[in-house]
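The values are calculated or read from the model by the stated rules, or taken from the named source; none is laboratory data. Note that this is a predicted model, so its numbers are computed, not measured. Positions of Cβ are generated from backbone atoms using ideal geometry, with glycine treated the same way; all protein chains shown enter the neighbour counts. Surface accessibility is based on the protein's heavy atoms, side chains included, excluding ligands, DNA and RNA. Shrake-Rupley method; radii C 1.70, N 1.55, O 1.52, S 1.80 Å.
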Amino acid sequence: RGRLAGKRPISERPPGAQNRSRVGHLEGDTVLGTDRHCLLTLVDRKTGFTWIGKLNARTVEATNRVAIKLLNATNRTTRTVTLDNGTEFHGYKAIEAATGVSFFFAAPHHSWERGTNENTNGLIRQYAPKRTSLASLTQADCHRIADKLNDRPRRRLGFRTPRECYEINSAT
C-alpha cells in the first residue's frame, strides 16, 4: 500500500477536534462497492453532519477532485479532516492547498480513532449494502442519502438532527 511520508498523526489534532467542542473538524473515509465505484464520506465530529461524494474509482485523482468539491461546498469553516491511511488519500497535500484544511491521519489499523465516521458509514450501508455495486448510484443519490442521515434525530444530540446542530453551532 505504500507509506505516506510527512503525514500529521491524529495526536497532533487541535483540542477542538479531540474533544468535539467545535464544529468544522471532520472525519473521512471511503465506502467500497463490489466494483471500482465507491463513496467518499465526510462527517463532522461534533454534530454528525454528513457529506457523501460518488467516486467512479478509488484513485488519488478521483478522491482529490470529489474531496475538494465537498469541502468547498460546506460554505462553512472546515478546520481539519482526519482520515485513515488508504492510498486514495495520498494526495491530501493537494486538497490542503486547494481548501486550506489541515489533514491528520489515524494510526494504521486503528479505525476506532475515527469512530464517528465508522458509525456513519454503517448508517450509509442501510442505503448502499455491502456486496452490492455502487455503479448505479449517482451524486444526486448521494445527496439524498446524506439528507436522510442529516435529518435523522440522534440520541447523542438530544434527539435533534445533525442538520439542526450543524446550523446552530456553525453560526457561532
State all residues of the stretch 118-135 that are over 17 Å from Arg58 (Cβ atoms), open to solvent by 30 Å² or more (accessible area, probe 1.4 Å) and among the polar types (S, T, N, Q); if no residue qualifies, say none. Asn119, Gln126
Scanning the stretch 54-69 residue by residue, those open to solvent by less than 40 Å² (accessible area, probe 1.4 Å), in contact with a strand residue (DSSP E or B) (Cβ under 9 Å, 6 or more places away or on another chain) and over 14 Å from Thr138 (Cβ atoms) turn out to be Ala57, Ala62, Thr63, Ala67
Could you identify the single residue in Ala67, Ala107, Ala97 that is without any contact (Cβ under 8 Å) to a residue 12 or more places away in the chain, of a type outside the set (Lys, Arg), over 17 Å from Val23 (Cα atoms) and not in a strand (DSSP E or B)? Ala97
I want to confirm something. Restricting to the stretch 75-88 and keeping residues that are open to solvent by 10 Å² or more (accessible area, probe 1.4 Å) and not basic (Lys, Arg), which single residue is farthest from Ala171 (Cα to Cα)? Thr87
Please name all residue pairs, on different chains or six or more residues apart, with Cβ atoms under 6 Å, provided the first residue is in the stretch 77-89 and is modelled with pLDDT of 95 or more and the second residue is crowded, with 22+ Cβ neighbours inside 10 Å and of a type in the set (D, E, K, R). Thr82/Glu27; Thr82/Arg114
Residue tally, condition outside any helix (DSSP H, G or I) and within 15 Å of the chain's Cα centre (by Cα), over the stretch 78-94: 9
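For the stretch 22-53, which residues satisfy the criterion of being of a type in the set (A, V, I, L, M), over 18 Å from Asp141 (Cα atoms) and either without any contact (Cβ under 8 Å) to a residue 12 or more places away in the chain or part of a strand (DSSP E or B) (or both)? Don't jump to the end; show me each part of the working.
Here is the first cut: in the stretch 22-53, the ones of a type in the set (A, V, I, L, M) are 23, 26, 31-32, 39-40, 42-43, 52.
Then keep just the ones that are over 18 Å from Asp141 (Cα atoms); that gives 23, 26.
Hit for the stretch 22-53 is Leu26, nothing else.
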Which numbered condition Pro108 fails, given (1) buried (at least 20 other Cβ atoms within 10 Å of the Cβ); (2) over 26 Å from Ser170 (Cβ atoms); (3) not acidic (Asp, Glu): (1)
Identity of the residue in the stretch 139-172, of a type outside the set (Phe, Trp, Tyr) and in a loop (DSSP other than H, G, I, E, B), that ends up least open to solvent (accessible area, probe 1.4 Å): Thr161
Residue identified as farther than 21 Å from Leu71 by Cβ, hydrophobic (A, V, I, L, M, F, W, C) and not in a strand (DSSP E or B) among Ala17, Ala5: Ala5
Mind listing just one residue for me: the one in the stretch 22-42 that is of a type in the set (D, E, K, R) and modelled with pLDDT under 95 and, of those, most open to solvent (accessible area, probe 1.4 Å)? Arg36
Among the residues in the stretch 120-130, are any free of Cβ contacts under 8 Å to residues at least 12 places away in the same chain and polar (S, T, N, Q)? yes
Verdict on Pro162 being touching a residue at least 12 places away in the same chain (Cβ under 8 Å) and within 19 Å of Arg20 (Cβ to Cβ): yes
When you go through Leu55, Leu123, Leu137 one by one, which is the residue that is among the hydrophobic types (A, V, I, L, M, F, W, C) and more than 15 Å from the chain's Cα centre (by Cα)? Leu137
